[in-house]
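Structure first, commentary second.
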Amino acid sequence: MNRKSSLVVVGYLLLVFLAGIAVGGFADHLYVAHSAHARPTPEQYRRRLLAELQKRLNLQPAQITQLNGIFDATGVRFRDIHKSIEPDLAALRTEHDDKVRAILNDQQRAEYDRWRAERDKQHAAERH
């Protein structure tokens, strides 16, 4: 290989290397941005909240036990309330979807239904 072709090869390798850095940096940015906005599980949220309160309020062990009991009781009530309004929320979602579907043509309705199914699947996965 002559000197000119060697420089071209080195230039291309450098270009590929720099492109790899750019793509890797962008992918890392997307991963971090998505991870930062991921919703914590209820147990993760509870542990973080308890740790924050324990540190900030300098809670004693007996108070932490009492606080855990309060969290447990509140969680049960929250789930009960949520269960009681779920039928109303489901009816509202259905009413909303029916109104949206009513303004769409057949092709748009089919695409809207696919989109709803994708979102429902995504939301179900996020809850579990």
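The values are calculated or read from the model by the stated rules, or taken from the named source; none is laboratory data. Only a predicted model underlies this, so the values are computations on that prediction, with no experimental measurement involved. Every residue, glycine as well, gets a Cβ built from its backbone with ideal geometry; the counts of neighbours run over all protein chains shown.
Look at Phe78 and say whether it is touching a Lys or Arg at 6+ places or on another chain (Cβ under 7 Å) and of a type outside the set (A, V, I, L, M). Let's see the steps before the verdict.
Values: touching a Lys or Arg at 6+ places or on another chain (Cβ under 7 Å): no; of a type outside the set (A, V, I, L, M): yes.
So Phe78 fails the test.
May I ask you to list the residues in the range 39-77 that are under 19 Å from the mean Cα position of the chain (by Cα) and not in a helix (DSSP H, G or I)?
Arg39, Pro40, Thr41
Report, by residue number, each residue of the range 71-114 that is touching a Phe, Trp or Tyr at 6+ places or on another chain (Cβ under 7 Å) and of a type in the set (Val, Ile, Thr). Show your work before the answer.
Within the range 71-114, the subset touching a Phe, Trp or Tyr at 6+ places or on another chain (Cβ under 7 Å) is 100-101, 104.
The one that is touching a Phe, Trp or Tyr at 6+ places or on another chain (Cβ under 7 Å) and of a type in the set (Val, Ile, Thr): Val100.
Within the range 80-87, is even one residue farther than 30 Å from Pro40 by Cβ and not in a loop (DSSP other than H, G, I, E, B)?
Of all residues in the range 80-87, those farther than 30 Å from Pro40 by Cβ come to none.
For the range 80-87, residues farther than 30 Å from Pro40 by Cβ and not in a loop (DSSP other than H, G, I, E, B): absent.
Among the numbered conditions (1) modelled with pLDDT under 80; (2) assigned to a helix (DSSP H, G or I); (3) over 31 Å from the mean Cα position of the chain (by Cα), tell me where Val9 comes up short.
All conditions are met except number (1).
Quick one: which of Lys55, Lys4, Lys83 is outside the structural domain of Asp120 (by TED's automatic domain parsing), free of Cβ contacts under 8 Å to residues at least 60 places away in the same chain, of a type in the set (D, E, K, R) and exposed (fewer than 10 other Cβ atoms within 10 Å of the Cβ)?
After ruling out the rest, the residue left standing is Lys4.
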